[in-house]
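**Q** One structure, as structure tokens, below. Some questions next.
The values are calculated or read from the model by the stated rules, or taken from the named source; none is laboratory data. Fair warning: this is a prediction, and the values are worked out from it, not measured in the lab. With ideal geometry, Cβ positions are generated from the backbone for all residues, glycine too; neighbour counts draw on all protein chains shown.
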Amino acid sequence: MRVALAQTDCALGEVDENVAAAEDQIKQAAAQGADLVVFPELSLHGYHLGDLKQDASVPAQDPRLLALSTLGADVVVGLHEHTSLRAYNTSAYYSDGQLLHAHRKLYLPNYLAWEERKHVSPGQHLRAYDLPGGHGRAATLVCNDAWQPVLPWLAVQDGAEVILVPANSAASLDPEAMDTGLYWDSLLSYTARMLQCWVVFVNRVGNVERRDVLGRLPCRRSARHGGGAGAEVGAGACDGRHRRARSPASAAVGPLGRGGEAWPDRP
């Protein structure tokens, strides 16, 4: 299964504009053989929802979103989801014009510039789901969800062989106190190795509230500008007794769009 990581910026609240940009990325990825294109957290709305003058949330079944998965590849996009009762920070998986799975972010930060609890409700469920084409099972954890040790473990216990982690993470709040990139690298590597699963991480790029958003791609590839990369994941290599999926360090990476310089392989 070839996964394209669409590391993009977005326009706050401009859903049509962001959908159009996503269409271009998906077509580009599909032309290079991608089976799945994964976008960052809230890729269709932007992060600071409190700055919007009017609500731009959309239902997960919005026809514009369903249509994204008819362009040659499955798609995971981040959206401000509207329901009859509540709104959510959701990452939804679309395949062949249908909604396959919607994960509503469970752990919402509410400090400094991160005020998600003021604008969305926490999700109530975490479940793995079957990937189309017999590619195994996956689970989605949105940004801060991946920092809660029990959630990746629960996902794997539910059969997940691939964990998708869309994020909107700042490069650093205090570079002298915390290297956010190093934290993410350590966290994701630990998750992949200890749980013997694939971890697919894609973060937004750009500048939000005068803070640089961490521009880093997994699989030993780095970028500071919009674009993407691709990786082959072998979820089918896992069986029920011994989870033998390779770690992201051994993934085969190919460029998509304006990727960054390749990192040297490490043992």
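**Q** Quick check: anything in region 106-126 of a type in the set (Lys, Arg) and within 19 Å of the chain's Cα centre (by Cα)? Break it down stepwise before answering.
**A** As a first pass, look at region 106-126 and keep what is of a type in the set (Lys, Arg): 117-118.
Add one more test, that the residue is within 19 Å of the chain's Cα centre (by Cα), and what stays is none.
No, region 106-126 has no match at all.
**Q** Continuing with the same structure: Identify all residues within region 115-142 that are of a type in the set (A, V, I, L, M, F, W, C), free of Cβ contacts under 8 Å to residues at least 60 places away in the same chain and more than 13 Å from ALA167 (Cα to Cα); write none if there are none. Can you show your working first?
**A** Here is the first cut: in region 115-142, the residues of a type in the set (A, V, I, L, M, F, W, C) are 120, 126, 128, 131, 138-139, 141-142.
Narrowing the set further to residues that are free of Cβ contacts under 8 Å to residues at least 60 places away in the same chain leaves 126, 128, 139, 141.
Hits for region 115-142 are LEU126, ALA128, ALA139.
**Q** I would also like to ask the following. Please indicate, with yes or no, whether at least one residue in region 144-153 is part of a strand (DSSP E or B), surrounded by 16 or more Cβ atoms within 10 Å (Cβ to Cβ), touching a residue at least 12 places away in the same chain (Cβ under 8 Å) and more than 13 Å from the chain's Cα centre (by Cα). Even if it seems obvious, please write down each step before you answer.
**A** Quick first cut of region 144-153, residues part of a strand (DSSP E or B) only: none.
Checking region 144-153: not a single residue is part of a strand (DSSP E or B), surrounded by 16 or more Cβ atoms within 10 Å (Cβ to Cβ), touching a residue at least 12 places away in the same chain (Cβ under 8 Å) and more than 13 Å from the chain's Cα centre (by Cα).
**Q** Further question: If ASN168 satisfies all but one of (1) surrounded by 15 or more Cβ atoms within 10 Å (Cβ to Cβ); (2) over 15 Å from the mean Cα position of the chain (by Cα), what's the number of the condition it fails?
**A** All conditions pass for ASN168, except number (2).
**Q** Scan region 27-40 for residues that are buried (at least 21 other Cβ atoms within 10 Å of the Cβ) and either farther than 17 Å from LEU99 by Cα or out of contact with any helix residue (DSSP H, G or I) (no Cβ under 8 Å at 6 or more places or on another chain) (or both) and jot them down.
**A** Here is the first cut: in region 27-40, the residues buried (at least 21 other Cβ atoms within 10 Å of the Cβ) are 29, 34-40.
Passing the criteria: ALA29, ALA34, LEU36, VAL38, PRO40.
**Q** Let me ask you something else. Looking only at region 20-56, how many residues end up being among the charged types (D, E, K, R) and modelled with pLDDT of 95 or more? Spell out the reasoning first.
**A** Going residue by residue through region 20-56, those that are among the charged types (D, E, K, R) are 23-24, 27, 35, 41, 51, 53, 55.
Cutting the leftovers down to modelled with pLDDT of 95 or more gives us 23-24, 27, 35, 41.
So the answer is 5.
**Q** Ok, one more. Within region 171-200, can you find the residues that are at pLDDT below 85, small (Gly, Ala, Ser) and either outside any loop (DSSP other than H, G, I, E, B) or surrounded by 24 or more Cβ atoms within 10 Å (Cβ to Cβ) (or both)? Explain how you work it out, then say what you get.
**A** We begin by selecting, within region 171-200, every residue at pLDDT below 85; these are 171-181.
With the extra rule that they be small (Gly, Ala, Ser), the set shrinks to 171-172, 177, 181.
Correct list: GLY181 only.
**Q** Could you run through region 74-110 and say how many residues are surrounded by fewer than 24 Cβ atoms within 10 Å (Cβ to Cβ), touching a residue at least 12 places away in the same chain (Cβ under 8 Å) and not in a strand (DSSP E or B)?
**A** Qualifying residue count for the region: 8.
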